[in-house]
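Engineer: Below you'll find the structure I mean.
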Amino acid sequence: MYALAPFRLSLDEIEDDEELEVWEIAIGDLLNLHLLKGVEYGIYSLHPLVREFLQMKLREYSGADELRRGFVVAIVEAARKIPDKITQEQVREVEVDIPHIEEVAENLTEYLSDDDLIVPFIGLGRFYEGQGFYPQAQPWLEKGKEMAEKRLDKNNADIANVYNNLAGLYYSQGKYEAAEPLFLQAIEIHKIALPENHPSLATHLNNLAGLYESLGKYEAAEPLYLQAIEIVKVALPENHPSLATDLNNLAGLYRSQGKYQAAEPLYLQAIEIVKVALPENHQYLACSLNNLAGLYKSLGKYEAAEPLYKQAIEIDKIALPENHPSLATDLNNLAGLYRSQGKYEAAEPLYKQAIEIVKIALPENHPYLATDFNNLAGLYKSLGKYEAAEPLFLQAIEIDKIALPENHPQLATHLNNLANLYYSQGKYEAAEPLYKKALDILEQKLGGEHPHTKIARENLQRCRQQQQS
C-alpha cells in the first residue's frame, strides 16, 4: 500500500517481547537478503520486487479493505502533522511521508472517512506551498476542493478550510480574482458551521483583509483585520502566534496608509509575542523583524532598520528552502535601505539576487517581479544609468497592468518612478502624462491627503512649471 519510496517502520511501540523478536528476525533476514534496505533509524526502503509480490498477495487477501482502511488512518495522522508555514527542519521531518500521503490522495480516497477527507490534500498543499512550490501545491488543493464538494454537505467546515487554503495559494501566486470568491465563501460557511468567535473565522477574515490590502482596498481591509484581532483575543490563549500575525497585518495596513505612529506599537507587540510563543529562528520572527525594519526605514531611522533586516535574512536562510520568495523580499528590503543611504554598490547585487529568486520561485508576471524590476531601475537612476533604468521601469509597468487590478497603487508608484526618470533627463513632455496618471490613481485609491498622493501632486506641478519656464 505504501508508495515505492522509503517509509517509516518503527518497533518502539511493540511491548510484547516475543512479538518484538519475531519482527527483529524478519527485518534482519530481509536486510541480509537485500530485499529491505535501512535508510536511517526507523526508515526503510523495500525492493520493488518485494512490493510487487506483496501487492499480488494483497489482491488475493479477504481482509484487504480492512488493511487499507488502517493504512489510510495512519497516513492521515502523518498528514495532520504537517504544519502551516513549514520550516526547513520540519520539511526534513515529514518529507519521508509525502509520497505515501500522495498515494492515499491519488488512489485510496474511497477509504478516507468524511472527517479525514480533506486532510491529505491540505497537508500536501501546506508542504509544497510552504516551500514556495506553488505549481506542485495547486493540483492537490484543487483536487481536495473537488472531493470535498462531491462528498460533504455544502456548509461543512472542511469545505471552508479547503476554500481558504486554495484561495491563499491563488493569492500567493498573484491570482487575486480567483482568490476573492473562495475567501468569501469560506467566511460564509464558517459563520454557519462553527461557533461564534471561532479562531478559524479570524483566520479567514485576516486572509480576505490581506487580499483587499493587496488590491489597494484599504477601507475594506481595516474592519476585517480589527474583527480578526478581537476574535483571537477571545478565542485563543494570551500570546498566541495568531495574535502576532493579526497585529502584524494591521500594522502593515497602517504603514501602507502612512499611519506610522499607529503601526509601530503593533509591530513591537507582535515581535514580543513571537519570541515567547515560537521556536528560535522561526520564519514568523523574520517576517516581524522585516516589517518593523520597513517602518523604521519609512521614518528615516536607518540605523535602527539595518540590523533588523540582516537578522531577518539570517533567520530565513535557516528556516526556509533555497530560493524561497520570502528571502527575495528580505534581500530587496535591505537593498532598498542601502539605496536610501546612498550605498549603491552594496544594494545592486542584493536587488539582482532577489530578481533571480523571484523568477525561479513565482509564476511569470507576478507582481513581486514588477516590484523588483522597479527597485533595480530606481538604483540605476540614482547612479545616472538612465539607459539601463528605462527598460526595467517599462517592464515593471507592463507586469502591473497584467497582474494587478486596474488603477492599483503599485502601478501609480511605478508610473511616477518612470516619470521621475524622464524628468531627470529633461523629457518633461514624456513625464507629464505619467505623473498625471499616477496622481489620478493615488487620489482615487489613497485619498488626497496621503503622503504618496502629496508627493505625486508636487511632482506633477514641478514638471508643469519646468515646461512653462
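Engineer: With r as the distance between the Cβ atoms of residue 92 and residue 67 and R0 = 35 Å, compute the FRET efficiency 1/(1 + (r/R0)^6) and round to 0.05.
Structural biologist: Working: r = 29 Å, r/R0 = 0.84.
Efficiency at R0 = 35 Å is approximately 0.75.
Engineer: Given region 1-61, report the % of alpha carbon pairs whose separation exceeds 14 Å.
Structural biologist: Values: 1132 of 1830 pairs.
More than 14 Å apart: 62 percent of the Cα pairs in region 1-61.
Engineer: Once every DSSP H run of n ≥ 4 in the chain is given -39500 (n - 2.57) and the sum is divided by its residues, what mean residue ellipticity at 222 nm do you get, rounded to the nearest 500 deg cm²/dmol?
Structural biologist: -24500 deg cm²/dmol
Engineer: How would you order 388-398, 337-347 from highest to lowest mean count of nearby Cβ atoms within 10 Å? The partial results should precede the final answer.
Structural biologist: On the way: 388-398: 19.4, 337-347: 16.5.
With the highest mean Cβ count within 10 Å placed first, the list reads 388-398, 337-347.
Engineer: Taking the Cβ-Cβ separation of residue 192 and residue 74 as r and a Förster radius of 30 Å, what is the calculated FRET efficiency to the nearest 0.05?
Structural biologist: With a Förster radius of 30 Å, E is 0.40.
Engineer: List the lysines whose Cα sits under 25 Å from the Cα of residue 37, skipping any in the same chain fewer than 8 residues away.
Structural biologist: Hits, sequence-local ones excluded: 57.
Engineer: Have a look at the chain and give its Rg and Dmax from the Cα atoms, expressed in angstrom.
Structural biologist: That works out to 26.3, 99 Å for Rg and Dmax.
Engineer: Still on this structure, please answer the following. For residue 50 and residue 317, calculate 0.36 nm times their separation in residues minus their Cα-Cα distance, and state this gained length in nm to one decimal.
Structural biologist: Details: separation 267, 0.36 × 267 = 96.12 nm, distance 4.07 nm.
So the chain would gain 92.0 nm between residue 50 and residue 317.
Engineer: Can you give the extra length, in nm with one decimal, that the chain gains between residue 107 and residue 394 once fully stretched, where that is 0.36 nm per residue apart less the Cα-Cα distance? Before the final figure, lay out each step's value.
Structural biologist: On the way: separation 287, 0.36 × 287 = 103.32 nm, distance 4.79 nm.
Here the answer is 98.5 nm.
Engineer: On full extension of the chain, what length is gained from residue 385 through residue 115, given 0.36 nm per residue of separation minus the C-alpha to C-alpha distance? If you can, show how the numbers build up before the last one.
Structural biologist: On the way: separation 270, 0.36 × 270 = 97.20 nm, distance 6.02 nm.
Once the chain is fully extended between residue 385 and residue 115, it gains 91.2 nm.
Engineer: Order of 81, 445, 352 from fewest to most other C-beta atoms within 10 Å?
Structural biologist: Values: 81 11, 445 20, 352 15.
Taking fewest neighbouring Cβ atoms as first place, the list is 81, 352, 445.
Engineer: Scan around residue 39 for amide H atoms under 5 Å from its own, H built in the peptide plane at 1.01 Å from N, and keep only partners 5 or more places away or cross-chain.
Structural biologist: 44, 45
Engineer: If you average 1/r across every pair of different Cα atoms in region 1-154 and take the reciprocal, what Kirkwood value do you get, in Å?
Structural biologist: Details: mean 1/r = 0.0587 Å⁻¹.
For region 1-154, inverting the mean 1/r across all distinct Cα pairs yields 17.0 Å.
Engineer: May I pose another question? Counting Lys and Arg as +1 and Asp and Glu as -1, what is the net charge of the other residues whose Cβ lies under 15 Å from the Cβ of residue 106?
Structural biologist: On the way: positive: 68, 143; negative: 97, 102, 103, 110, 142, 146.
Counting the neighbours of residue 106, the net charge comes to -4.
Engineer: Using r as the Cβ-Cβ distance of residue 238 and residue 5, and R0 as 41 Å, what FRET efficiency do you calculate, to the nearest 0.05?
Structural biologist: Working: r = 42 Å, r/R0 = 1.03.
The pair residue 238/residue 5 has a calculated efficiency of 0.45.
Engineer: Name the shape class, rounded, prolate or oblate, that the alpha-carbon gyration tensor gives for region 310-396, where a ≥ b ≥ c are the square roots of its eigenvalues, rounded holds for a/c under 1.5, and otherwise prolate holds if a/b is larger than b/c and oblate otherwise. Working shown, then result.
Structural biologist: Working: a/c = 2.88, a/b = 1.32, b/c = 2.19.
In terms of gyration-tensor shape, oblate.
Engineer: Let me make sure I get this right: for region 172-254, a, b and c are the square roots of the gyration tensor eigenvalues over alpha carbons, sorted descending. Under 1.5 in a/c it's rounded, otherwise prolate if a/b > b/c, else oblate. Which is it? Provide the component values of the computation, followed by the final result.
Structural biologist: Values: a/c = 2.04, a/b = 1.22, b/c = 1.68.
Since a/c reaches 1.5 but b/c is at least a/b, the shape of region 172-254 is classed as oblate.
Engineer: Just want the ordering: 176, 435, from fewest to most Cβ atoms lying within 10 Å of their own Cβ. Present the calculation step by step, with values, prior to reporting the outcome.
Structural biologist: Details: 176 19, 435 27.
Listed from fewest to most nearby Cβ atoms, that is 176, 435.
Engineer: Which order, highest average first, do 307-315, 188-196 follow once you tally other Cβ atoms within 10 Å for each residue and take the mean per peptide?
Structural biologist: Numbers: 307-315: 19.6, 188-196: 14.9.
Packing order, densest peptide first, comes out as 307-315, 188-196.
Engineer: With a sphere of radius 11 Å drawn around the Cβ of residue 215, what net charge do the other residues whose Cβ falls strictly inside it have (Lys, Arg +1; Asp, Glu -1)? Working shown, then result.
Structural biologist: Values: positive: 217, 445; negative: 177, 180, 213, 406.
Summing Lys/Arg as +1 and Asp/Glu as -1 gives -2.
Engineer: For region 279-363, please report how many Lys pairs fall under 17 Å Cα to Cα, leaving out neighbours fewer than 8 apart on the same chain. List each step's numbers first, then the result.
Structural biologist: On the way: 297/310; 297/343; 301/310; 301/343; 310/343; 343/352.
Lysine pairs meeting the criterion: 6.
Engineer: Rounded if a/c is under 1.5, else prolate if a/b beats b/c, else oblate: with a ≥ b ≥ c from the C-alpha gyration tensor eigenvalues square-rooted, which is region 383-469?
Structural biologist: Values: a/c = 2.14, a/b = 1.09, b/c = 1.97.
Since a/c reaches 1.5 but b/c is at least a/b, the shape of region 383-469 is classed as oblate.
Each reported figure results from applying straightforward, stated rules to the coordinates on display, with no laboratory input. Just so we're clear, the structure is a prediction, and the values are computed from it rather than from any experiment. As a convention, Cβ positions derive from the backbone with ideal geometry for all residues, glycine included, and neighbour counts pool all protein chains shown.
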